[in-house]
């Protein structure tokens, strides 16, 4: 069930009506859990069994871990949780990739294996909820949180529908305590406009940009560098609006239901260096990778070489988390390389001058911003194009600019080229505005009712006219 | 949501939430009500559809013959030149439009005034190898400009395309209004392009009833190569095979002409000589043979122009240059005259 569909509207209205009359805490949680399961089963009922399995395993492992003091047994319990969660993730998400890759290698070596490639349906959101349940078990293992004794609370933590299929990835430490308070419905004007903003980002910007991006990246060899550049920038905007739009809606719906979800994006395209970027992009994933993978690998505790290795491994696996395709590994590798490169540069500068800090001059800011975003754009090409030959072509056209600005007669008219430029311009204006003045919903949240209603009339009018004929699902659903 | 924002946002009671949601719905309702007016007012690439429909239905225009086809015909046939060769120099209209496929042409047939005694249908050969319906957007443009298929046309659509027309014909008026929102975005594209492409004369392309050419500049060799590849993408190296639906469609068009007492002329549109390297070697000969056989079977005039124009008379991989258009028009005029028009 997608947030912008009529069935979700009906689902929400029914849920709100029920929650409006169910006032006791435990029944309300039960209603939310059933609603979350229905939300998930709308897509494929059978896969709810995976969520239930994950829930049962981690609830019991968590309980046992909290009661167990023997280190070996604790490790075995943790291992059981990791194997079951990662086993599910590997089977459903990566088994096809690895069998296909093995098949390819064997065929290259002249063997013709008798098995055929696996074609397994990917359960929506599996990468998100497995990470969420794993964080619970690891936190208990690290004795950072107690195990919950309420199976209903834990089941709702795993399956809470606003963020179930595309995040933000929530930690038990922040979500479970919220269930101890009285859960009550509430909506302020800012939350209302936050949801509207998320919907606008997804539908009005991301989906409309796809019309231009898809044909360019399906045959990058046909286009001059300027078009590859524009398509890459458009994709950077598309994926941000698609994903952060989902997060906005998820955070807004959760707030109405009485829950606070973590911030997932914070102006990532204003990042000046790779560490800064990962503090702003998909924050719930990058902090998860930092806390549960990078630190588990040793973090920066074992010297420079080990730190670089850990960074690279974290980013490679973080890349692979995004999808069962080698281009995501390339994407992770490039981000790992730039993180390592940035650390090397920083430590070199600090070796020369221990008091060195990145400059805050306008020119310094502009240069570091440009370099970082130039690199981010290159990585988006590797993220978007799965075919390695096409990826290579697009990256080279992006890097080695051909200075061919003669774009008349390329057939761009059928790809909504000019309106794409207008949309990109509007996005830039809104981004700069929100960075300087605060998010638009903060402003709209303070308007008087007549003014807010006028904004809503205009929004309804705009939604009607700019809602694309072809609706695409959220990009991060496939992860 | 900013974590540092400390402003106190008052909670909305249910009545205010309903008011805000109601306001959004109001905006949507206003947009729906204004859709037909907005659609007709804004410039889009399908504005020519309105010109064609208005011309055919106004009663002010009384052409003797009409020519239908896609942008190759817009760019390649000047009916004033054709008329020079015809007895009594009758008025003929070029009613082609961008991407006009066989069904789109056929939909206009019901609107033809009684003055029309000859329908000249130009067919792009590769369309014979595709089971093409008119796309949703184009049909929507026709609908929004007032077109409604009559019972005979509807029946023809189902006979040719079996169940596919349901996607177009089965939609309500409100649904068509909803679909018409594509025009809002295209308005931006059309408006900006009109300013940027100084080499194109788009007003003529939209309004001219004789030679609606947009006259673009000739392509560079590198661009031409890409254009040729793109133009032949759907038939690349495939042997010629006529699909059932285009064959049924052309037959229905010929039958319509016969039934309404009109003459039907079939013309194969010219192809760029260099596109042959991306085609099956026998594609052109086989397509031509099919046209000839169809014409013989139906006792109609067929004019072959597939290989008529040399490469230097094209501006790109598809469209004739101005000089090419004049040469092509004279050739077709001569052939029509010889055919007794």
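If you take all C-alpha pairs in chain B, what percent of them are over 35 Å apart? Don't skip to the answer; put the middle values down first.
On the way: 16122 of 57970 pairs.
Value for chain B (Cα pairs over 35 Å): 28 percent.
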**OP:** Just check chain A against the gyration tensor rule for me: Cα atoms, a ≥ b ≥ c as the square roots of the eigenvalues, rounded for a/c under 1.5, and otherwise prolate or oblate depending on whether a/b exceeds b/c.
**Re:** rounded
Original post:
If each of residue A:436 and residue A:109 carries a label point 7 Å out from its Cα toward its Cβ, how far apart are those two points in nm?
Top reply: 6.1 nm
Original post:
Extension gain residue A:42-residue A:69, at 0.36 nm per residue separation less the Cα-Cα distance, in nm?
Top reply: 5.5 nm
**OP:** Note down the relative contact order for the stretch A:6-180 as a percent, whole number, built from C-alpha pairs under 8 angstrom at least six residues apart.
**Re:** 30 percent
Original post:
At what distance in angstrom do the alpha carbon centres of the stretch B:88-121 and the stretch A:254-282 lie from each other?
Top reply: 59 Å
**OP:** Have a look at B:121, B:87, B:137 and tell me which one the Gaussian network model of chain B (Cα, springs below 10 Å) gives the largest fluctuation.
**Re:** B:87
Original post:
What order do you get for A:241, A:187 when you list them from fewest to most C-beta neighbours inside 10 Å?
Top reply: A:187, A:241
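Enter the mean projected area of the convex hull around the alpha-carbon atoms of the protein assembly as shown, in nm², rounded to one decimal. Don't skip to the answer; put the middle values down first.
Working: hull surface 165.3 nm².
Average of the hull's projected areas for the protein assembly as shown equals 41.3 nm².
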**OP:** Take chain B, connect every pair of alpha-carbon atoms lying under 10 Å apart with a spring to form a Gaussian network, then pick out the residue of B:151, B:84, B:247 with the largest mean-square fluctuation.
**Re:** B:151
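Please give the contour-minus-distance gain from residue A:360 to residue A:214: 0.36 nm per residue of separation, less the Cα-Cα distance, rounded to one decimal in nm. Show your work: numbers first, answer last.
Working: separation 146, 0.36 × 146 = 52.56 nm, distance 3.82 nm.
Stretched fully, the residue A:360-residue A:214 segment lengthens by 48.7 nm.
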Original post:
Of the peptides A:31-38, A:214-221, A:385-392, how do they stack up when ordered by the mean number of other Cβ atoms within 10 Å, highest first?
Top reply: A:31-38, A:214-221, A:385-392
Original post:
Which value in nm describes the separation of the simple spin-label points at residue A:121 and residue A:389, placed 7 Å from the Cα toward the beta carbon?
Top reply: 3.3 nm
Original post:
Mind checking the mean number of beta-carbon atoms from other chains within 10 Å of the Cβ atoms in B:15-25?
Top reply: 6
Original post:
Taking Cα atoms, how many degrees apart are the long axis of helix B:221-231 and the longest axis of chain B, rounded to 10 and kept between 0 and 90?
Top reply: 80 degrees
Subject >> chain B - percent relative contact order, Cα under 8 Å, separation 6 or more >> reply: 25 percent
**OP:** Measure nothing fancy, just the Cα-based angle from helix B:283-298's long axis to the longest principal axis of chain B, in degrees from 0 to 90, nearest 10.
**Re:** 80 degrees
Subject >> Ranked B:265, B:67, criterion: other C-beta atoms within 10 Å, fewest first >> reply: B:265, B:67
Subject >> Among B:176, B:155, B:100: highest mean-square fluctuation, GNM of chain B, C-alpha pairs under 10 Å >> reply: B:155
**OP:** Report, as an integer, the average count of C-beta atoms from other chains found within 10 Å of each Cβ along B:182-190.
**Re:** 6
**OP:** Show that you can apply the helix-only estimate: for the protein assembly as shown, add -39,500 (n - 2.57) for every DSSP H stretch of four or more residues, divide by all residues, and state [θ] at 222 nm to the nearest 500.
**Re:** -19000 deg cm²/dmol
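Cα convex hull of the stretch B:118-193: mean projected area in nm², to one decimal?
In nm², the orientation-averaged hull projection of the stretch B:118-193 is 7.2.
Residue separation times 0.36 nm, minus the C-alpha to C-alpha distance between residue A:79 and residue A:370: what's the value? Numbers along the way, then the final one.
Values: separation 291, 0.36 × 291 = 104.76 nm, distance 4.37 nm.
So the extension gain works out to 100.4 nm.
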**OP:** Would you please put B:223-230, A:340-347 in order of how densely packed they are, using the mean number of other Cβ atoms within 10 angstrom per residue and starting with the highest?
**Re:** B:223-230, A:340-347
Original post:
Can you give the FRET efficiency for residue B:298 and residue B:338, using 1/(1 + (r/R0)^6), R0 = 25 Å, r = Cβ-Cβ distance, to the nearest 0.05?
Top reply: 0.85
Subject >> Cα long-axis angle, helix B:244-259 against chain B (0 to 90 degrees, to the nearest 10) >> reply: 70 degrees
Original post:
Per q in 0.10, 0.12, 0.19, 0.20 1/Å, what log10 I(q)/I(0) does a Debye calculation on the alpha-carbon atoms of the stretch A:6-180 return?
Top reply: -0.48, -0.64, -1.20, -1.28
Subject >> Relative contact order of chain A, defined on C-alpha pairs under 8 angstrom at six or more residues apart (%) >> reply: 18 percent
Subject >> Exposure proxy order (Cβ contacts within 10 Å, fewest to most) of A:211, B:30, B:116 >> reply: B:30, A:211, B:116
**OP:** Starting from the Cα of residue A:23, step 7 Å along the direction of its Cβ; do the same at residue B:130; then give the gap between the two resulting points in nm.
**Re:** 6.5 nm
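Using r as the Cβ-Cβ distance of residue A:99 and residue B:166, and R0 as 45 Å, what FRET efficiency do you calculate, to the nearest 0.05?
Values: r = 42 Å, r/R0 = 0.93.
Calculated value: 0.60.
Every number here is computed from the coordinates shown, using simple stated rules; none is lab data. Just so it is clear, the structure is predicted and the values come from calculations on it, not from any experiment. A quick note on method: Cβ atoms are made from the backbone with ideal geometry, for glycine too, and the neighbour counts reach across all protein chains shown.
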